[in-house]
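Okay, structure first, notes after.
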Amino acid sequence: MGLKPNPIQLHFGLKKPVRILHLTDVHLSLSDERNNEDMIPYAAKRRDIFFREAEFPERDPVGYLQEAMEYSKSFDCTVFTGDVVDFNTYKNYDTVKEILAGKDYMFCAGNHEFTPKPGIDSMELKRSSWDYVQSNFRGNMHVESRIVGGVNVITLDNGFRLFTKEQLDVLKQEVARGLPIIVFCHVPIANDMQTTENKDSARKLGYTEEEIAESVATANFLRDEPLVKAFFAGHGHHNHYWDFHGKPSYMTGGLFKGIVSEITID
Ligand SMILES: [Fe+2]
Ligand SMILES: [Fe+2]
């Protein structure tokens, strides 16, 4: 197996253990004549950057995604937390659709799914390309919940760091079900949801003051609600553990490196 599994154990007192596969940051970097022709050599450059960042792995990102989807068959649930593509091109999304066709998974986007070229991010771009990006994945990439063997698995979009009021409304409804909740999102949840620096970068992306305040309220709810037990994220490309106000929090490394997290909850 070319994959590099990262085992994670959580104990909620379940009658029967549940196994969840966490996949993130594939960074598919493909383009063809349907997009701007400059993107073809640019895509090759990006593939080289990720090949080096992964220290010359045995498979390319397409190969790791195919292998991970095959491997996912032995899990109760598979969750993607974004940056599946490095940029928004037809060739990238055709590849996603082909590999994920007929597969069951949950998905929230990262900061790369909406951009025509990495480095160009804005809420305007995200809003205008949202429906196209969503059309390439199953489920609801803004917020989704699924009960997996007594655990409420929730995905939340926070690709540009911020959460939304709609997500908070859904979270409150989900808490009423009384089950332990684990949350998956792209950007690791952290205290910087509320720092001045983060607010400045949110303003630059085009968020309003009201949206920023709503994100802080949602992050505070996640921090304070006892049924929210653990957090999983991507974005940083390496495995990492931190304690978020007493709640175990995990960042899974990039699938372009072959990394997958195998979460066992009992
Ligand atoms: Fe990433
Ligand atoms: Fe990211």
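The values are calculated or read from the model by the stated rules, or taken from the named source; none is laboratory data. The shown structure was predicted, so the numbers you read here are calculated from the model rather than taken from an experiment. Cβ: placed from backbone, ideal geometry, glycine included. Neighbour counts: every protein chain shown. Remember, those area values only see protein heavy atoms, side chains included, never the ligands or the DNA or RNA. Shrake-Rupley method; radii C 1.70, N 1.55, O 1.52, S 1.80 Å.
Details
- In segment 1-113, taking the dipole from charged Cβ atoms about the Cα centre, the farthest positive-side position among V26, F80, I49 is held by F80.
- Over the chain, the ratio between the Cα radius of gyration and 2.2 N^0.38 Å evaluates to 0.97.
- For segment 183-266, the dipole from Cβ point charges (+1 on Lys and Arg, -1 on Asp and Glu) about the Cα centre works out to 280 debye, to the nearest 20.
- For segment 49-196, the fraction of alpha-carbon pairs lying more than 28 Å apart is 23 percent, rounded to a whole number.
- For segment 199-205, 3J(HN,Hα) computed residue by residue from phi via the Karplus equation (6.51, -1.76, 1.60; θ = phi - 60°) reads 5, 5, 5, 5, 4, 4, 6 Hz, glycine and proline entered as x.
- Loop-located trypsin sites (Lys or Arg not before Pro) in segment 129-216 (DSSP state other than H, G, I, E, B) with a sparse environment of at most 13 neighbouring Cβ atoms within 10 Å: R177.
- The charge dipole of segment 110-266, taken about the Cα centre with unit charges on the Cβ atoms of Lys, Arg (+1) and Asp, Glu (-1), comes to about 280 debye, rounded to the nearest 20.
- Heavy atoms of H142 accessible to a 1.4 Å probe, total area in Å² rounded to 10: 40
- Toward the positive end of the charge dipole of segment 4-265, with +1 on the Cβ of Lys and Arg and -1 on the Cβ of Asp and Glu, the farthest Cα among A190, G102, M39 is that of G102.
- For the chain, the residue among F114, Q9, G234 whose Cα projects farthest onto the positive side of the dipole built from Cβ charges is Q9.
- The trypsin sites (Lys or Arg not before Pro) of segment 27-97 that meet both conditions, a loop assignment by DSSP and at most 13 other Cβ atoms within 10 Å of the site Cβ, are R34.
- Cβ charges +1 (Lys, Arg) and -1 (Asp, Glu), total dipole of segment 4-265, debye: 720
- Protein-only accessible surface order, largest first, of T155, T208 at 1.4 Å: T208, T155
- Calculated [θ] (222 nm, deg cm²/dmol) that DSSP helices of n ≥ 4 give over the chain, each run adding -39,500 (n - 2.57): -10000 deg cm²/dmol
- On segment 69-180, 48 percent of the accessible area sits on carbon and sulfur atoms, based on a 1.4 Å probe.
- Taking a Cβ cut-off of under 13 Å around E225, the surrounding Lys, Arg, Asp and Glu residues balance to a net charge of +3, with basic ones at +1 and acidic ones at -1.
- Residue-normalised accessible area of segment 4-265, given per residue in Å² at a 1.4 Å probe: 43
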